[in-house]
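Q: Questions regarding the structure given below will be posed in turn.
The values are calculated or read from the model by the stated rules, or taken from the named source; none is laboratory data. Remember, it's a predicted structure, so these values are computed and weren't measured experimentally. All Cβ positions, glycine included, derive from the backbone under ideal geometry; neighbour counts span all protein chains shown. Note: areas computed on protein heavy atoms with side chains; ligands, DNA, RNA excluded. Shrake-Rupley method; radii C 1.70, N 1.55, O 1.52, S 1.80 Å.
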Amino acid sequence: MDIKDILFDLSALDSIGYLHFAADYAEKVLSRFAKTERLGGSVTGTIKGNSDYTIMLDAHIDQVGMIVTDVDSEGFLTVAPSGGIDIRALPSREVTVHGRKNIPAVFCSTPPHLSSGETVYDDINKIKLDTGLGKNAADIVSPGDYVTFSALPVSLSGDLVSGRSFDDRAGVACLLKTAEMLSGKDLPCNVVFLFSDAEELGMRGAVTAAFSTAPDEAVAVDVSFGNGIGIPPEECGKLKGGAMIGFAPTLDSAVSKKLTKIAEDNGIKYQTEVMGGRTGTNADVIGVSGSGVKTCTVSIPLRNMHTEVETLSISDLESVCNLLYGYILSGGVRND
Amino acid sequence: MTDFLKELCALNAVSGDEKAVRDYIISKIDGKADWHTDNLGNILVFKKGKKRSVKKLLIDAHMDEVGFIISSVTADGFLKFQTVGGINTAAIMFRQVKIGNVNGVVCGTPIHLLSGDEKKKLPKSDSLYIDIGAESREEALKLVSLGDRAVMCSEYREMGNKIKAKAIDDRAGCAILLSLITNDSDYDFYASFSVQEEVGLRGAKTAAFAADPDAAIVLEATTAADIADVDETHRVCVLGNGPAVSFMDRATVYDREYYRAALESGIKCQPKSAVAGGNNSGAIHLSRGGVRTVAISVPCRYIHSSSCVADKEDIKNAERLAKYMLAGICGGTVK
């Protein structure tokens, strides 16, 4: 499988709220390599190994978006964020409204003759969404319908790609590729792949799925801030710098060190991501699931997070796959 | 006409780099009218009609659109740009752009890393950069050159009886004018597809000088503020109420008789109810000894963004009104 193709396919599909198109796709691909199961909006897949020790690899399947809260008589919608949205960039942006059918819509922008001074973007309720359908909008759209960004992914120069929902379809793509690499191999432990729902709304999918699967160890694979404009280099990862291995008080330092050793021993590009407390990823909730899980993060550096131009390097995805592959073959920290 | 519009909106022609639109238009009018291009890149057209005209009429639409010009490249390969024409920063942030065939994105600081107040205010447009994936200045300059134009990417889409596309300002005017030229005309008329409107009505100035007309019709798109939370007095014009006809804007005081004749034509149209904006009329009505000018504008929401929204019926009515004014001015019934 070509990991870029998987990422682009996943980016074009929606998984938010009751929409599960990306999850359906991921389950179908994963089922070629693992025994899959659905847990609500989440997907799990298991490859059995030669022991009862289980390592879970997690990536969240959901995406940021918006949800319709009101439909007015002129066809304008009010929306609320579903996950963290930069509302300053909404005016004049085209999105897709998932009503009785999918329709395009454009966020209103105030024309210059009506704006005086600097606009303050403090309330998404003030930025209405134009369906262009006038009073007919109510026939198609209802409160509770989801709204998603609509840009399709594109290739930039080098091996950079840009698109929506790479947070965390990039992680999902890495896990699918890793599943393919591990498929048919003699494994020292069980591997559970988890594509968890509702991370953007407080890691809810990982809470229940981690409890259900009760692994011994887990690695949460998510995106993290990559170098770019307006970010101090010491506060972010570097695109093309390799997999970001997490070190944090909330993470298991033996797993962090083992991941680092695997990367060193196998010539896999990596960088270290140190966090002072919680990680802001599913690792935070997986670690304290049940009677506790030894948990670490492996992150993909990404620019423009939570926009439809999330940008990353394919080479970093390959580093992540190689690292996870090596880690599973090592059997984790069980015998260390 | 709708096919013209769809195809024209897909072309990229930021001011001063109108070649793609110019080539398209020439391919459509060649053989149907006499044409030549001038030193600025305007297309100047003479359309022979069935009858001679009592007045020399020029009909203008501009080919250029707003966008960006690449002004420098940082050491780590990000492109700095200036806006060409007026574009709101909100419309630029985190958008896909194209520089020729090169894909790029306008990058910025993710919302997670901004402090409370920073989250509520737009950055200055000169703090935004385009990321094309290059890692160094040298690498970037292999793909783009300083002075290259960039546009925001946007597909033509239907939204009920409306359309959404980039550059409806002024591909709507170009599409209508193409339709007038490629179909039979009752009267002789002159036409200009002009360059550089968005940077100060520059193409129209030389086009009008060359054509030396008695009267002019300017086909445009104009801002419509008929959106949520804007009261009726501030809406300028309303989608679905027909083309807007101007009495005055920031560049022109329009010919009173032509303005009245348009409103009384019986074709669905509306006065542009604000003294705001401006168009090529500003250059044309002051050309040589003065030109009697009327502007017929397609109402357009979110103008100068990648998501202009206009009403299909308004565009058809703009064409009908243009034909009516053409016949009236050239035939002598509109005095």
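Q: Quickly run through segment A:73-89 and pick out the residues that are more than 7 Å from chain B (Cβ to nearest Cβ), surrounded by 15 or more Cβ atoms within 10 Å (Cβ to Cβ) and of a type in the set (A, V, I, L, M, F, W, C).
A: Those that are more than 7 Å from chain B (Cβ to nearest Cβ), surrounded by 15 or more Cβ atoms within 10 Å (Cβ to Cβ) and of a type in the set (A, V, I, L, M, F, W, C): A:Leu77, A:Val79, A:Ile85, A:Ile87.
Q: Considering only residues of segment A:200-254 that are in contact with a Lys or Arg (Cβ under 6 Å, 6 or more places away or on another chain) and more than 14 Å from every other protein chain (Cβ to nearest Cβ), which is most open to solvent (accessible area, probe 1.4 Å)?
A: Filtering first and then ranking leaves A:Thr250.
Q: Sticking with this one: So how many residues does segment B:281-300 have that are within 14 Å of chain A (Cβ to nearest Cβ) and either out of contact with any Cys (no Cβ under 7 Å at 6 or more places or on another chain) or among the small types (Gly, Ala, Ser) (or both)?
A: Residues meeting the conditions: 1.
Q: Has segment B:316-326 got at least one residue that is in contact with a strand residue (DSSP E or B) (Cβ under 9 Å, 6 or more places away or on another chain), on the phi < 0 side of the Ramachandran plot and assigned to a strand (DSSP E or B)?
A: No, that holds for no residue.
Q: Is it the case that A:Asn190 is more than 14 Å from every other protein chain (Cβ to nearest Cβ), open to solvent by 10 Å² or more (accessible area, probe 1.4 Å) and over 16 Å from the mean Cα position of the chain (by Cα)?
A: yes
Q: Restricting the search to segment B:1-27, which residues are farther than 19 Å from B:Val66 by Cβ, open to solvent by 50 Å² or more (accessible area, probe 1.4 Å) and either at pLDDT 95 or above or charged (D, E, K, R) (or both)?
A: B:Asp3, B:Lys6, B:Glu7, B:Asp23, B:Ser27
Q: Further question: Is there a residue being at pLDDT 95 or above, closer than 29 Å to B:Ser307 by Cβ, in a strand (DSSP E or B) and away from chain B (no Cβ under 14 Å) anywhere in segment A:20-36?
A: Yes; the residues of segment A:20-36 include at least one that is at pLDDT 95 or above, closer than 29 Å to B:Ser307 by Cβ, in a strand (DSSP E or B) and away from chain B (no Cβ under 14 Å).
Q: Quick one: which residue in B:Ser265, B:Ser273 is modelled with pLDDT of 95 or more, part of a loop (DSSP other than H, G, I, E, B) and over 17 Å from the mean Cα position of the chain (by Cα)? Can you show your working first?
A: Details: B:Ser273 fails: modelled with pLDDT of 95 or more.
Within the list B:Ser265, B:Ser273, the selection yields B:Ser265.
Q: Oh, and also: Just to confirm my filter: which helices (runs of 4 or more DSSP H) fall fully inside segment B:87-201 and include at least 1 residues that are among the acidic types (Asp, Glu) and at the interface with chain A (Cβ under 9 Å from one of its Cβ atoms)?
A: B:137-143
Q: Next question. Considering each residue of segment A:143-156, count those that are at the interface with another protein chain (Cβ under 7 Å from one of its Cβ atoms) and at pLDDT 95 or above, and give that number.
A: Matching residues across segment A:143-156 total 3.
Q: Go through the residues of segment B:179-186 one by one and say whether even a single one is closer than 28 Å to A:Thr110 by Cβ and in contact with a helix residue (DSSP H, G or I) (Cβ under 8 Å, 6 or more places away or on another chain).
A: Checked segment B:179-186: no residue is closer than 28 Å to A:Thr110 by Cβ and in contact with a helix residue (DSSP H, G or I) (Cβ under 8 Å, 6 or more places away or on another chain).
Q: Also, quick follow-up: Considering segment A:110-127 alone, what residues qualify as being at the interface with chain B (Cβ under 7 Å from one of its Cβ atoms) and either of a type in the set (A, V, I, L, M) or open to solvent by less than 30 Å² (accessible area, probe 1.4 Å) (or both)?
A: Once the filter is applied, which keeps residues that are at the interface with chain B (Cβ under 7 Å from one of its Cβ atoms) and either of a type in the set (A, V, I, L, M) or open to solvent by less than 30 Å² (accessible area, probe 1.4 Å) (or both), segment A:110-127 yields A:Pro111, A:Leu114, A:Val120, A:Tyr121.
Q: Show the residue pairs that are 6+ apart or on different chains and have beta-carbon atoms under 6 Å apart, the first residue being within segment A:1-17 and in the same structural domain as A:Val309 (by TED's automatic domain parsing) and assigned to a loop (DSSP other than H, G, I, E, B), the second being at pLDDT below 95 and surrounded by fewer than 16 Cβ atoms within 10 Å (Cβ to Cβ).
A: Close Cβ pairs satisfying both conditions: none exist.
Q: Looking at segment A:129-142 only, could you name the residues that are crowded, with 23+ Cβ neighbours inside 10 Å and either closer than 18 Å to B:Asp229 by Cβ or facing chain B (nearest Cβ under 7 Å) (or both)?
A: The first filter runs over segment A:129-142 and keeps only residues crowded, with 23+ Cβ neighbours inside 10 Å, leaving A:129-133, A:137, A:141.
Scanning segment A:129-142 gives A:Leu129, A:Asp130, A:Thr131, A:Gly132, A:Leu133, A:Ala137.
Q: So, one more: Looking at B:Ser53, B:Ser71 in this structure, which one is away from every other protein chain (no Cβ under 14 Å), part of a strand (DSSP E or B), over 17 Å from the mean Cα position of the chain (by Cα) and surrounded by fewer than 24 Cβ atoms within 10 Å (Cβ to Cβ)?
A: Result: B:Ser71 is the single residue among B:Ser53, B:Ser71 that is away from every other protein chain (no Cβ under 14 Å), part of a strand (DSSP E or B), over 17 Å from the mean Cα position of the chain (by Cα) and surrounded by fewer than 24 Cβ atoms within 10 Å (Cβ to Cβ).
Q: If a residue has to be farther than 9 Å from B:Asp314 by Cα and either in contact with a Gly (Cβ under 8 Å, 6 or more places away or on another chain) or open to solvent by 30 Å² or more (accessible area, probe 1.4 Å) (or both) to count, how many in segment B:237-254 make the cut?
A: So the answer is 8.
Quick grid of which residues meet (1) within 13 Å of chain B (Cβ to nearest Cβ); (2) more than 30 Å from B:Asp226 (Cβ to Cβ); (3) at pLDDT below 95; (4) surrounded by 21 or more Cβ atoms within 10 Å (Cβ to Cβ):
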| site | (1), (2), (3), (4) |
| --- | --- |
| A:Ser15 | no, yes, no, yes |
| A:Leu39 | no, yes, yes, no |
| A:Gly49 | no, yes, no, no |
| A:Ile61 | no, yes, no, yes |
| A:Met66 | no, no, no, yes |
| A:Asp70 | yes, no, no, no |
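Q: Tell me which residues, restricted to segment A:90-109, are more than 8 Å from every other protein chain (Cβ to nearest Cβ) and among the β-branched types (Val, Ile, Thr).
A: Hits for segment A:90-109 are A:Val95, A:Thr96, A:Val97.
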